[in-house]
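A short worksheet on the structure shown next.
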Amino acid sequence: MVLKTEQLTKTYTVGQEQVHALRGVDFQADPGDFIVINGPSGSGKTTFLNLVACIDQPTAGEVLIEGQPISGLSQSELANLRRDKIGLMFQSFNLIPVLTAFENIEYPLLLKGVPKAVRREKVLSLLEEVGLLKEAHRRPDQLSGGQKQRVALARTLVNDPKLVLADEPTGNLDSKTSERVMAMIQRLNQNHGVTFLVVTHDPMVNHYADRLVLIRDGQLSETDQPATFKADLNGNQREDEEYVVSNRAS
Ligand SMILES: Nc1ncnc2c1ncn2[C@@H]1O[C@H](COP(=O)(O)OP(=O)(O)O)[C@@H](O)[C@H]1O
Ligand SMILES: [Mg+2]
């Protein structure tokens, strides 16, 4: 098991009000899983991902990475765990603007003190996998949105993480580019055997899931979606939900 959460709870206090962003989430992800968590804006997706990524602290409950509870770890232990085991992708790509595609992917290896020749081989191999060898020396402002997200994808994998967490990775992409990026994420999930956990409100993304989980008001519910589930690519979220509901009922 790569990831487990036990009764994971996050409550924000805003003035006098309490916002129950996560309400006791029990969740588990296994090696190589491709999991999509789909839910509307405000349902708790980013909160969940940030807790799992050890970026934020829960109000209650526990996150376990490869069986290890993170609550007892020091700041430096947490930083190492994040660096060695977790890759992150965001809607806004989060590339470093002054670095080329090559250098952005290389950066985590630099931080780790990996020798230059090893870095070069690794980065070139990933650039090839995401189809960007020719763009290696371009900076982010010289890349399209889809290309930027492919650089970000390569960067998440450069440290051989156990788990890649992606927060709305298609959120800034048009639908055709979104499909291409998701197909590429799916292929790299299979090639590298890395667990991917993608949170999104985009129903198109559901199509790529081996396991589809819904999130509503801070609670997760598993669907019985088999790997063969095909979302209606032209459909909207409501149609997806109807499919899920009728599938569960049968
Ligand atoms: N830092 C914060 N302070 C207060 N409320 C927050 C904070 N972050 C998120 N929330 C609230 O928690 C709920 C879940 O938010 P979020 O996890 O960002 O949802 P999503 O990513 O699904 O849109 C929302 O009601 C949101 O307004
Ligand atoms: Mg969010």
Margin query: If a residue must be in contact (Cβ under 8 Å) with a residue 12 or more places away in the chain and within 16 Å of ligand 1 (Cβ to nearest atom), how many such residues does the range 56-93 contain?
Written below: 11
Check: Can we say Val181 is among the β-branched types (Val, Ile, Thr) and closer than 24 Å to Leu64 by Cα?
Finding: no
Check: Of the residues Glu103, Glu129, which single one is without any contact (Cβ under 8 Å) to a residue 12 or more places away in the chain, within 23 Å of Gln149 (Cβ to Cβ), surrounded by 14 or more Cβ atoms within 10 Å (Cβ to Cβ) and more than 16 Å from ligand 2 (Cβ to nearest atom)?
Finding: Glu103
Item checked: Residue list for the range 31-52, restricted to those being more than 14 Å from the chain's Cα centre (by Cα) and either modelled with pLDDT under 95 or within 16 Å of ligand 2 (Cβ to nearest atom) (or both) -> Gly39, Pro40, Ser41, Gly42, Ser43, Gly44
Margin query: All but one of (1) in contact with a Lys or Arg (Cβ under 7 Å, 6 or more places away or on another chain); (2) over 17 Å from Val164 (Cα atoms); (3) of a type outside the set (Val, Ile, Thr) hold for Leu95; state the number of the condition that does not hold.
Written below: (2)
Check: What number of residues within the range 169-189 satisfy the criterion of being surrounded by fewer than 19 Cβ atoms within 10 Å (Cβ to Cβ), in contact (Cβ under 8 Å) with a residue 60 or more places away in the chain and farther than 19 Å from Ile215 by Cα?
Finding: 2
Checklist line | Matching residues in the range 24-44 - criterion: being surrounded by fewer than 22 Cβ atoms within 10 Å (Cβ to Cβ) and within 11 Å of ligand 1 (Cβ to nearest atom) | finding: Pro40, Ser41, Gly42
Next item on the list: Please specify each residue of the range 137-194 satisfying the condition of being assigned to a loop (DSSP other than H, G, I, E, B), small (Gly, Ala, Ser) and at pLDDT 95 or above.
Entry: Ser144, Gly171
Next item on the list: Would you mind stating whether Ile55 is within 16 Å of ligand 2 (Cβ to nearest atom) and either in a strand (DSSP E or B) or at pLDDT below 95 (or both)?
Entry: yes
Check: How about the range 1-23: which of its residues are β-branched (Val, Ile, Thr) and within 10 Å of ligand 1 (Cβ to nearest atom)?
Finding: Thr11, Thr13, Val14, Val19
Note to self: Residue under question is Asn104, and the condition is that it be over 21 Å from Leu3 (Cβ atoms), touching a helix residue (DSSP H, G or I) at 6+ places or on another chain (Cβ under 9 Å) and either in a loop (DSSP other than H, G, I, E, B) or among the charged types (D, E, K, R) (or both); does it hold?
What the structure shows: no
Item checked: Only one of Gln18, Gln28, Gln75, Gln7 that is modelled with pLDDT under 95, away from ligand 2 (no atom under 16 Å from the Cβ) and not aliphatic (A, V, I, L, M) -> Gln75
Item checked: Single match in Ala152, Ala166 (criterion: surrounded by 22 or more Cβ atoms within 10 Å (Cβ to Cβ), within 16 Å of ligand 1 (Cβ to nearest atom) and in contact (Cβ under 8 Å) with a residue 40 or more places away in the chain) -> Ala166
Margin query: I'm told Leu64 meets every condition in (1) modelled with pLDDT of 95 or more; (2) exposed (fewer than 15 other Cβ atoms within 10 Å of the Cβ); (3) in contact with a strand residue (DSSP E or B) (Cβ under 9 Å, 6 or more places away or on another chain) except one. Can you identify the failing condition by its number?
Written below: (2)
Next item on the list: Could you check how many residues of the range 1-23 are more than 16 Å from Phe196 (Cβ to Cβ) and either surrounded by fewer than 15 Cβ atoms within 10 Å (Cβ to Cβ) or among the hydroxyl-bearing types (Ser, Thr, Tyr) (or both)?
Entry: 12
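Answer with yes or no whether Asp202 is closer than 26 Å to Met1 by Cα and either in contact with a helix residue (DSSP H, G or I) (Cβ under 6 Å, 6 or more places away or on another chain) or not β-branched (Val, Ile, Thr) (or both).
Spelling it out, it is not the case that Asp202 is closer than 26 Å to Met1 by Cα and either in contact with a helix residue (DSSP H, G or I) (Cβ under 6 Å, 6 or more places away or on another chain) or not β-branched (Val, Ile, Thr) (or both).
The values are calculated or read from the model by the stated rules, or taken from the named source; none is laboratory data. Just so you know, these numbers come straight off a predicted model, no measurement behind them. Note that we place each Cβ from the backbone using ideal geometry, even for glycine, and neighbour counts take in every protein chain shown.
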